[in-house]
Amino acid sequence: MLTHKKIVWMLIPLLALCVYAAILLQSVRTESGKDKSIIVIMKSNDIRTEFWQTVRAGAKTAAKEFQAKADIRGPLQETDVHEQIGLVEQAIAEKPQAIVLAPAAADLLIPVAEKVRQAGIKLVVIDSPLDSNLGDSFIASNNLDAGRKAGRALASMTNGQPAVAILSDKNGSPTATDRETGIREALAANPAAVVAGTGYTTNQEERAYQVTKQLLADYPEINGVICLNETATLGAAKAIKELNKGAAVKLVGFGASIYEIKLLEEGALHATLVQKPFNLGYLGVKTAVELIDGRKANPRDNIDSTVVTKENMYDPENQKLLFPFVER
């Protein structure tokens, strides 16, 4: 019969082997994570842009979860396309295994995106599409469906008699085009609906303010304005408030900045389409990891949007959308 001391001495090598195996497994996991090098290039890395900082938070969460190294970059301004091109060029030179790119311009980013593919680097495109199908995967909000939701929301606010003006950033923007198409599709289902026209704001709040005032002067029958981005929403809200038309003209926007939330609380903004930027960053990095691992990724992943109003903005799920945790 084995004595207690002999049993202990027999167990010591076994315990040592278990400890060694655990250390080895952790080392393999760590090295595997280090091997997954990803560079994320957003449209803007400005800490004041809540949307892109929430995208950053999602990307960082995915990188931690999947043990990948994600370097997140972007120009200060969304409109600085040339700086973004330079950042992609620099990323190619660093030779990561994957690049996650939110292109600031669908056409101007094509040449440098082609260089990414030529360098053998996996390319995941998020938020806005490239004019050419260059990415291994494309992840974005379902802007067409979001537009339909915006159109239906405004129609219900105007008792089925919408006379609408649309404010966009620029003609030809893929995101704005999809949203406007969705709006027009939803309104077309109502024979009484009228679209007075589309005004372009060049992504400037002051320009949106001026365009809104002009549209309301030219088309006094307008009882609703749908803005396709945050700056247009803020400018239109200023104009409508200044003209004391808050009761007569319903305003529907896109976005969930602190300024838009304040307008919701005041009742100056009647509804806003809230996207899920955290999901955008998270899925971008998750998909990049799948491609690096040799797995097949979904060629297109659509993320839905939610209509938030003053009446439902305090619902728990909507509070999570309006106030996501963002690590700065």
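The values are calculated or read from the model by the stated rules, or taken from the named source; none is laboratory data. Because the structure is a prediction, the values reported are computed rather than measured. Cβ: placed from backbone, ideal geometry, glycine included. Neighbour counts: every protein chain shown.
Could you tell me whether residue 146 is of a type in the set (Gly, Ala, Ser), closer than 27 Å to residue 289 by Cβ and in contact (Cβ under 8 Å) with a residue 12 or more places away in the chain?
Details: of a type in the set (Gly, Ala, Ser): yes; closer than 27 Å to residue 289 by Cβ: no; in contact (Cβ under 8 Å) with a residue 12 or more places away in the chain: yes.
Here the answer is no, as residue 146 does not meet what is asked.
Within the stretch 196-203, can one find any residue that is assigned by TED's automatic domain parsing to the domain that holds residue 159, crowded, with 23+ Cβ neighbours inside 10 Å and either of a type in the set (Ser, Thr, Tyr) or under 25 Å from residue 324 (Cβ atoms) (or both)?
Here is the first cut: in the stretch 196-203, the residues assigned by TED's automatic domain parsing to the domain that holds residue 159 are 196-203.
Okay, now just the ones that are also crowded, with 23+ Cβ neighbours inside 10 Å, so 201.
When the remaining residues are screened for being either of a type in the set (Ser, Thr, Tyr) or under 25 Å from residue 324 (Cβ atoms) (or both), the result is 201.
Taking every residue of the stretch 196-203 in turn, at least one turns out to be assigned by TED's automatic domain parsing to the domain that holds residue 159, crowded, with 23+ Cβ neighbours inside 10 Å and either of a type in the set (Ser, Thr, Tyr) or under 25 Å from residue 324 (Cβ atoms) (or both).
Residues in the stretch 116-151 that are part of a helix (DSSP H, G or I) and closer than 20 Å to residue 185 by Cα: 143, 144, 145, 146, 147, 148, 149, 150, 151.
Applying the condition of being small (Gly, Ala, Ser) and in contact with a strand residue (DSSP E or B) (Cβ under 8 Å, 6 or more places away or on another chain) to the stretch 33-66 and asking which residue is nearest to residue 96 (Cα to Cα) yields 37.
For the stretch 120-128, the criterion of a residue being out of contact with any Asp or Glu (no Cβ under 9 Å at 6 or more places or on another chain) and modelled with pLDDT under 95 is satisfied by at least one position.
Of the numbered criteria (1) among the polar types (S, T, N, Q); (2) farther than 16 Å from residue 287 by Cα; (3) touching a residue at least 12 places away in the same chain (Cβ under 8 Å), the one residue 118 fails is (3).
Quick check, is residue 234 under 24 Å from residue 318 (Cβ atoms), in a helix (DSSP H, G or I) and either of a type in the set (Ser, Thr, Tyr) or not assigned by TED's automatic domain parsing to the domain that holds residue 107 (or both)?
Numbers: under 24 Å from residue 318 (Cβ atoms): yes; in a helix (DSSP H, G or I): yes; either of a type in the set (Ser, Thr, Tyr) or not assigned by TED's automatic domain parsing to the domain that holds residue 107 (or both): yes.
Answer is yes for this residue.
Restricting the stretch 249-288 to residues that are of a type in the set (Val, Ile, Thr) and outside any helix (DSSP H, G or I), the residue that is farthest from residue 319 (Cα to Cα) is 249.
It is to be established whether one or more residues within the stretch 38-61 are over 18 Å from residue 280 (Cβ atoms), assigned by TED's automatic domain parsing to the domain that holds residue 280 and in contact with a Ser or Thr (Cβ under 6 Å, 6 or more places away or on another chain). No, the stretch 38-61 contains no residue that is over 18 Å from residue 280 (Cβ atoms), assigned by TED's automatic domain parsing to the domain that holds residue 280 and in contact with a Ser or Thr (Cβ under 6 Å, 6 or more places away or on another chain). Considering (1) aromatic (Phe, Trp, Tyr); (2) closer than 30 Å to residue 124 by Cβ; (3) not in a helix (DSSP H, G or I), the lone condition that residue 314 does not fulfil carries the number (2).
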